[in-house]
Structures are given as structure tokens and as C-alpha cells.
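Single-structure report; data block below.
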């Protein structure tokens, strides 16, 4: 990684490293990630934010679901042109993979100040056209980037039952009629309940496994959820 690329990323104990992810069709994403993300737990600014609102720096890890979601979506048929919103983007792997594979306009969002700084740097350094970053708290729709969006992405965002209602409200408010939300989940028990709530609102929901085959919610098993909004 060049010094020029390093310079735009916020300084972290342990520094940053370059990670490479291969996608179907020969595409590749080069991503900057904290070399030792656990050292963030000792950062005073991070600890102060945790004291204030119980926040943790989850954004600094590339969670297991993200490479699988990126691979599956890179191979997916995609509307063109399309505006895409990624929720809780963290290091931005999924959104950047979608932009690289489908030439989509992607807005990476998070609500941790350090995550947003890193996402903006990632967007500038990744070399993929059409990627930007913004601060967005999905519990406050007034803070959302201007919509509507054809596609909304979320990787590992269903882990708290209290998030489900606000996320469904967000899809209702920000997705185009008939638009799509793609959500990845590593197999938490709350997924089945989210599917029930989404269907009760009139959305169509499909689940796929890590190979892209039709599946049902199963604890401990990765699932990719495709939600099609009411037309």
C-alpha cells in the first residue's frame, strides 16, 4: 500500500493493511483494514463512546458473512443504472464489491465517527467509480442520505430484535417501489422472526444459502435474504 493511500486513513494503533478479495468474473476488491482491530478496544475515544452509548467498534472487523455476501451479489443480475445504500457498511467490502461488479452508485453508511472517516477514505482509495460515504443512524430517518434507492444492503445487521422495526421502516421509506434489500446473516435465531415481520408488511422474502441455493432460516447457517419491496 502506498504512502499516499495510507495518508487518507485515520491513524490507528497497529496501522492498516491491504486485504484482497476475488470476485466472480475476475473482479477484485482491494480493501484497507485495521491490522489489529482489537487494539481499538484500548483507544480512549472508542472507550468514551462506549461509556456514552454502549457502542463497540464492530466496523473494524471483516465479519465472516461479508466475503460470502460480496461473492454472491457480484454474481447476481443487477438493475442498471442503480443507486445503492449500504447500512452499517463498516469497512465497505460488500458495497464496494457491488460497485465494482455492477457499476452501481453506492453510498456506504455507518454511525460510528471513526467508521465514517474510514469509509470515506476507503471510497477514495478503492479505485472503484461511484462509491461515496455518509453518516447515517438508521433509527433516525431524517439523517438518511437522499433517496430513494433501488437497492439497500445490510451485512450482519439483524442481530438485535430492536433493529428489525426501524430497518423495515427504512425499507418502506427509502426503497423504490419494487426495490430490493439484500441482507446477510450468519445464522442467528432472530432471522426467522424478521422474515415473518417483513412478510406481514407485504414484502416478498427469499432466503439463499452460501452457494446461492434456495434455503430456509436455520440457526448457525449463513443466509442471504432478498426482500422485494411492495410495488
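Points to keep in mind about this one:
- Counting only Cα atoms, the chain measures 48, 43, 35 Å along its principal axes, largest extent leading.
- Of all DSSP beta bridges confined to the chain, the antiparallel ones make up roughly 50%.
- Helix 161-174 and the longest principal axis of the Cα set of the chain meet at an angle near 80°.
- For the range 116-198, the C-alpha radius of gyration divided by 2.2 N^0.38 Å, with N the number of residues, is 1.19.
Where a number appears in this text, it was derived from the coordinates with a stated rule and is not lab data. Here the structure is a predicted model, which is why all the values come from computation and not from measurement.
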